[in-house]
Amino acid sequence: MALTWKLVIDSSNASALADFWAAALEYEVEDPTALIEQLLAAGHLKEEAVVEHHGRKTFRGYAAIRHPDDPYDATSGVGRGRRLLFQEVPEAKATKNRLHIDVHSGPGGLEALVTRLEGLGAIRVREVDQGPAGHWWLMQDPEGNEFCAASGGA
């Protein structure tokens, strides 16, 4: 039986980075409001562990996004499929990522994708064109995490 998983990304502002990646991937930001309200009412969570972001309650220092077509738990808002979790850490990013996301262009091609990502706050770093072997841009998200925007494919 295959295991379930999520990719966890360290950040300095989990909610802002979740917003960027949700827009970049066309995912949904998870809404744990109902779960948080239950935990607060039962006394299992303190108010200082909660922040509000875009009118939703969320756990301080954490935010997650999920693919809009994947199942999720309606009570907790937690996705049960393709999912990214952002967690705040005290230290800043210091070196190159050892793991990164490749975002593939759809209709409109690579230039349209890169331009859209820049509009969301990403930065172009370097273009790589290896002809038939592939064409992509190395980019950085708003916190400096590297990722690639690539032509078509999956």
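Where a number appears in this text, it was derived from the coordinates with a stated rule and is not lab data. Note that the structure is predicted; figures quoted are calculated from it, not measured. Quick reminder, even Gly has a Cβ in these numbers, built from the backbone with ideal geometry, and neighbours come from all protein chains shown.
Any idea what angle helix 109-120 forms with the longest principal axis of the chain, computed on alpha-carbon atoms, 0 to 90 degrees, nearest 10?
On a 0 to 90 degree scale, this one is about 40.
Dipole of the chain, Cα-centred, from +1 at each Lys and Arg C-beta and -1 at each Asp and Glu C-beta, to the nearest 20 debye? Mind dumping the intermediate values first?
On the way: 15 positive and 23 negative charges, 62 e Å.
Around 300 debye, computed over the chain.
Relative to the longest principal axis of the chain, what angle (0 to 90°, nearest 10) does the C-alpha long axis of helix 14-25 take?
That helix lies at roughly 50 degrees to the long axis.
Would you list, by chain and number, the aspartates and glutamates whose Cα falls below 17 Å from the Cα of LYS93, excluding same-chain residues fewer than 8 positions away?
Straight-distance partners of LYS93: ASP10, ASP141, GLU143, GLU146.
Under a Cβ-Cβ cut-off of 14 Å, what is the net charge of the residues other than HIS135 that fall near it, where Lys and Arg count +1 and Asp and Glu count -1? Can you show the working numbers first?
Values: positive: ARG124, ARG126; negative: ASP102, GLU111, GLU127, ASP129.
Residues close to HIS135 contribute a combined charge of -2.
When the helix-only estimate is applied to the chain (DSSP H runs of n ≥ 4, each -39,500 (n - 2.57), divided by the residue count), what is the mean residue ellipticity at 222 nm, nearest 500 deg cm²/dmol?
Rounded to the nearest 500, the figure is -6500 deg cm²/dmol.
I'd like the projected area of the range 65-154, averaged over all directions, using the convex hull of its alpha carbons. Report it in nm² with one decimal.
Details: hull surface 30.7 nm².
Result: 7.7 nm².
Could you tally the net charge around ALA18, taking each other residue with its Cβ under 13 Å from the Cβ of ALA18, Lys/Arg +1 and Asp/Glu -1?
Numbers: positive: LYS6, ARG56, ARG66, ARG83; negative: ASP10, ASP19, GLU28, GLU30, ASP31, GLU88, ASP141, GLU143.
Result for the local shell: -4.
Suppose a student asked you for the relative contact order of the range 30-154, using Cα pairs under 8 Å spaced at least 6 residues apart; what percent would you report? Write out the running numbers ahead of the final one.
Values: 197 pairs, mean separation 24.1, N = 125.
Answer for the range 30-154 is 19 percent.
Any chance you could list the semi-axes, whole Å, largest first, of the equivalent ellipsoid that the Cα gyration tensor gives for the chain, using √(5λ)?
On the way: eigenvalues 199, 59, 36 Å².
In descending order, the three semi-axes are 32, 17, 14 Å.
Using the Karplus curve 6.51 cos²θ - 1.76 cosθ + 1.60 with θ = phi - 60°, what ³J(HN,Hα) values do you get for each residue of the range 53-69, in whole Hz, with x for Gly and Pro?
Couplings: 9, 6, x, 10, 7, 9, 6, 4, x, 9, 7, 9, 10, 9, 5, x, 8 Hz.
Calculate the radius of gyration of the Cα atoms of the range 110-154 to one decimal place, then report Dmax, the largest Cα-Cα distance, as a whole number, both in Å.
10.3, 31
Between the range 20-60 and the range 122-154, what is the C-alpha centre distance in whole Å?
Value for the Cα centre distance between the two parts: 31 Å.
Where Rh is the Kirkwood radius over the Cα pairs of the range 11-67, the temperature 37 °C and the viscosity 0.692 mPa s, what D in µm²/s does Stokes-Einstein return?
On the way: Rh = 11.8 Å.
It comes out at roughly 279 µm²/s.
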